[in-house]
1. With a cut-off of 8 Å between alpha carbons and a minimum separation of six or more residues, what is the relative contact order of region 1-93 in percent?
2. Any aspartates and glutamates with Cα under 19 Å of the LYS81 Cα? List them, leaving off those in the same chain fewer than 8 positions away.
3. Compute the relative contact order of region 28-311 as a whole-number percentage, counting only Cα pairs closer than 8 Å that sit 6 or more residues apart in sequence.
4. What ranking do ARG192, ARG125 get, fewest neighbouring Cβ atoms within 10 angstrom at the top?
5. How large is the helix-only mean residue ellipticity at 222 nm for the chain, computed as the sum of -39500 (n - 2.57) over DSSP H runs with n ≥ 4, divided by its residue count, in deg cm²/dmol to the nearest 500?
6. By how many nm would the segment from ASN102 to VAL308 grow when fully extended, if each residue of separation counts as 0.36 nm and the alpha-carbon distance is taken off?
7. How would TYR159, TYR207 line up from fewest to most surrounding beta-carbon atoms within 10 angstrom?
8. On a full-extension model of 0.36 nm per residue, what is the gain between LEU72 and ARG232, subtracting their alpha-carbon distance, rounded to one decimal in nm?
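What follows draws every value from the coordinates through simple rules; no lab data is involved. Predicted model, so just to flag it, every value in this text is computed and none were measured. No Cβ is skipped: glycine too gets one built from the backbone with ideal geometry, and neighbour counts run over all protein chains shown.
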Amino acid sequence: MTLYHYDRPDSKAPLSTFSSHFFPDQRGSLEVSTIGNMYKGLRKGKEVADTSQIFTEYNESPESYLEYGTRLTFRFRLNLKWAMVMKAAYLAKSMSYYTKGNPELKTDQIQGVSDAQVQFNYTLRQYQRQFVYLFFGVSVPVGNNPKNGSNQEFLSNNYLMPISTGTWDPFMGATFFQQFRNASIGVQAFFRQYNGENFYNYSFGGYSSIEGWYAYKIMPRLSSSLKVDFVRQGVIDGEYANYDRWQSPFNHPINTSQGRISIGSGFNYHYKISRYSGFRISVDAKIPVYQNSQAIQFNQTIGGVFGVSYEF
């Protein structure tokens, strides 16, 4: 009987995948990763929207947007079927824009602790080198979405800038993973629902994704991967009364829904210390190949993540 190999470099999902699977023989892992996404220029539907077009409706024309941060993930096996995952992140966001009648480029910035996540993984099927995992959890609003109005910088920005959603957000998903002699494949579906309203009387629209990957073991400790994902972000429900809809496209709730298909590639290096422990170094990058929305959206140029984990 051919069994799985958890210590192979291709034995994990790409680092940018929301939930990595967890082998029964492992007790846990601690991971630190740096994430980043860059956006440049605007689009409406499938077409590029330039500054002159934006100024016909709005007083500001956003030019670029950057989000980046550091994420800490702790995974711990409860028993042969269940595992627990906890995540926390420190994020920063920056948006540059032009104001009508002023040629000077302005920039708004905000940074702080993001929402924490608590997640449970359940092994639905394990047969030789094939696994099916279910996972579910909740995002807890502990981040910087101030309820007392003390963060005036937040109040001057728009729907893209908050570090926290301000709501309790349940999520769920499923992962299929299959290992072969020198490669592995995987598929993951994910859905997040933004529940209730935050202090500013709105909630973010539902988020869903489906992604698939292929990883090949180049060397005993090194693998490469290819990944395709589809992401759908729903429109914001509700509205913050202090935002002027016509000040900026991202002050208008309608400009928050988008569909996007991206392709990515990455590398995974695994250094084995003992039978169950080792270090894993991973890097992923992806670019969009299709973007569409019913309203105005930023054009994403590239996204990526780099991380180091200790497995035990």
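1. It rounds to 28 percent for region 1-93.
2. Counting by Cα, and skipping residues close in sequence, LYS81 has these aspartates and glutamates nearby: ASP25, GLU311.
3. 18
4. Least to most surrounded, the residues fall as ARG125, ARG192.
5. Here the helix-only value at 222 nm equals -500 deg cm²/dmol.
6. Answer, rounded to one decimal: 69.7 nm.
7. TYR207, TYR159
8. Stretched out fully, the LEU72 to ARG232 stretch lengthens by 55.1 nm.
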